[in-house]
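Before any comments, here is the structure.
The values are calculated or read from the model by the stated rules, or taken from the named source; none is laboratory data. Quantities reported herein were computed from a predicted structural model and do not represent experimental measurements. In this analysis, Cβ positions are derived from the backbone assuming ideal geometry, glycine residues included, and neighbour counts consider all displayed protein chains. Heavy atoms of the whole protein, side chains included, go into the accessibility calculation; ligands, DNA and RNA do not. Shrake-Rupley method; radii C 1.70, N 1.55, O 1.52, S 1.80 Å.
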Amino acid sequence: MDGNVFVTKEFEEKYTYEGKDLGAVYSKENTTFKVWAPTASSVSVCLYTKGSSAETGDKFINEYEMTLGDKGVYTKVVDGDLDGVYYIYKVTVDGVTRETCDVYAKASGVNSLRSMVIDLSRTNPEGWENDKHITFPLEETEIWEVHVGDFSNDISSGIKPEHRGKFLAFTDDTSTLNGDGVHPTCVNYLKQLGITHVHLLPSYDYGSIDETKENENINWGYDPVNYNVPEGSYSTNPFDGAVRIKEFKEMVMALHKAGISVVMDVVYNHTYSLDSVFEKTVPGYYYRQDENGKYTDGSACGNDTASDREMYRRYMIDSVMYWANEYHIDGFRFDLMGLHDVETMNQIREAVNTIPECGKEMIIYGEPWSAGPSGFREGATPATKKAINELAEGIAVFNDDIRDAVKGPFCDLEVPGYVNGKEDMENDVMQVIPAGFAEDFGVQPSNPSKVINYVSAHDNSTLWDKLIDSVLMDDSYTVRNERLVKMNKLAATIVQFAKGIPFMQAGEEGARTKFGEDNSYNMSKKINNIDWARMYEYEDMIDYYKGLIAIRKEYPQIKSLTSESLDDIIFNETGIPGVVAFENGDLTFIYNASDKDVSADMHIHGKYLIDSGNIDLSASKDVEDIITVKSISATVILS
Ligand code: CA
């Protein structure tokens, strides 16, 4: 069907279903199956004992015709206790019958071949009834972004072999480097780092990893199959659909016990392929088409979903609320948010706000761009940087301008930025410190609560690798490493003390490397793993990050995210190449990215919080008349 039919008023009035009961709704007495399939001429549901025909003991149980009711919803009530029964739908549209899993599936068999009916109450781990959302004031938020597998796949994690790379690695409260009992790893490590939020790369069910075997390689998981089901390869038993649900909850509970909020990366903008539950259930509805009926490609995956169509918008809202309520997820990061429309994002924010007690404190942020143009319906506004002022309070966007100003562009690996030696970058840095975007973009937000500041994320090179690639050095290994550490520290200082919400890729604080690979999304575990032994080789830098986080937390003028707080930032024109200096209340910041130590009589009195890259939280050392800031370092003075 021509996709444009789906955005007509007639279609929306006739077929927008507002019920909250799509999918398989379980009770001990019966299960109600409901599918929204307005273009189907018939739908039936088939029940099986196992998640795939390849499994021993798999039996076909029965097939039931479903009945078409209001708004294009097909229904069938099947008597009996169906907990653990697997199912698929047969949907006939225009004479073609397709077998599909359930768009609204809550559980799935191995590799998403069949959906599963689940009694969710039995997936709750012991103590779950006492588990609560953990939230923080936005201004105290420190986000640490990690892939479930990378976190513990390496033997150095000290996690027991059967939990490595799995959700359950997060539950190991004795994890130390190779089990040495001294150097904490994984969640034990995070407890003392000072971060507040663990942001998990996609952890819903995705398609690129064969769940039936051990894999050499990981995948980042930006290829969604079942949005409301945890990924099977992160569970200890992907064949039983209940296990991954329980283990996911155990992970969340363990992070909550450690006082850490859990953010989930959600990728509603495209699916693994067009051979999806959506396309098989209502062909053409869930994806955008251009005027010729061709599926648009703003996701670079050939299938942009249509948040601007009513039933997919509802789906996104329902899905977010399901993760928040059923799994106690505390925040969401939207992949390619620029492919969603502002209205949908604002409705999601509004829905999350209604979660009792903590809804308003739950964090929402996204990538305010897309990989290309998409087929938005007329009147819809893409949720890009340009629309930052139209996005509701409580939706933040990644600032790629601070990322690129500080360390250089992600695409040209050899091109440096401010900390790694590019000249004339002082103005760019001064622009992004007060939550600003680059001048040429023309957006000057004055609301730091809407800005995520960062210099590294899973995409592209790690910060460390970017520094290596962009700096020519003939020095010995030791001299070179010392210099890279200084650059890394200066970059982190700028991020932590800029206006906005700090974010980092897991291990940035410990010189994480992917051996020069940038787009490592499907590469080996060895390349992607966090190497905890290597992290401890850079313990001094980890301590520096801890210090930065502690300082940020201590000083309201740094962490405050009000627009008014921007007025407290006053830049000093030093005229010294590579130097950026500013005051913020009773703090003076001097960043020196140049190759030379710089000295100046600043006419200020006070004590050093940071003296040329050395943090002293007690600020015990007095400032002399002449202040010297060593090459590639930051100094912060408390007056
Ligand atoms: Ca999967």
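When VAL415, VAL148 are compared by accessible area at a 1.4 angstrom probe, the order from most to least is VAL415, VAL148. Helical content of the chain, expressed as a calculated mean residue ellipticity at 222 nm, amounts to -6500 deg cm²/dmol (DSSP H runs of 4 or more residues, -39,500 (n - 2.57) each, divided by residue number, nearest 500).
Taking each of LYS450/LYS559; LYS249/LYS360; LYS50/LYS90 in turn, the alpha-carbon distance tops 20 angstrom for LYS249/LYS360. What does the C-alpha gyration tensor say about the overall shape of segment 558-621? Classify as rounded when a/c is under 1.5, otherwise prolate if a/b is larger than b/c, or oblate. Taking the square roots of the gyration eigenvalues as a ≥ b ≥ c, segment 558-621 is oblate. In this label model, GLU216 and THR97 are separated by 4.2 nm, measuring between points 7 Å along each Cα→Cβ vector. Within the accessible surface of segment 3-118, defined with a 1.4 Å probe on protein heavy atoms only, the carbon and sulfur portion equals 49 percent. Ranking of LYS559, LYS621, LYS546 by solvent-accessible surface, largest first: LYS621, LYS546, LYS559 (1.4 Å probe, protein heavy atoms only, all chains present). Cross-link reach is defined here as a Cα-Cα straight distance under 16 Å, omitting same-chain residues fewer than 8 places apart; for LYS191 the aspartates and glutamates meeting it are GLU140, GLU142, GLU145, ASP172, ASP173, GLU509, GLU539, ASP543.
A 1.4 Å probe, protein heavy atoms only, puts the accessible area of ASP58 near 40 Å². Counting only whole DSSP H helices of the chain, the ones at least 24 Å long by C-alpha along their axis and with mean Kyte-Doolittle hydropathy no lower than -1.0 are 241-257, 477-497. For ILE576, the accessible surface of its heavy atoms amounts to roughly 50 Å² (probe 1.4 Å, protein chains only, rounded to the nearest 10). Distances between placed amide hydrogens fall under 5 Å for HIS340 paired with ALA383, all partners being 5 or more residues away or on another chain. For segment 3-118, rounded, prolate or oblate, judged on the Cα gyration tensor with a ≥ b ≥ c (square roots of eigenvalues), a/c < 1.5 rounded, else prolate if a/b > b/c? The shape class here is prolate.
Counting other C-beta atoms within 10 Å, and keeping those with at most 14, which DSSP coil chymotrypsin sites (Phe, Trp or Tyr not before Pro) do you find in segment 493-581?
Hits after loop and neighbour filter: PHE515.
The listed residues ASP240, ASP474, once ranked by accessible area (1.4 Å probe) with the largest placed first, stand as ASP474, ASP240.
Applying a DSSP loop filter and a limit of 12 other Cβ atoms within 10 Å to the GluC sites (Glu not before Pro) in segment 211-254 leaves GLU214, GLU216.
Evaluated with a Cβ-only charge set (Lys, Arg +1; Asp, Glu -1), the chain carries a dipole of roughly 1240 debye about its Cα centre, given to the nearest 20.
The charge dipole of segment 511-639, taken about its Cα centre with unit charges on the Cβ atoms of Lys, Arg (+1), Asp and Glu (-1) only, comes to about 760 debye.
With charges set only on the Cβ (+1 for Lys and Arg, -1 for Asp and Glu), what does the dipole of segment 70-118 come to about its Cα centre, in debye to the nearest 20?
Details: 6 positive and 7 negative charges, 32 e Å.
So the magnitude is around 160 debye.
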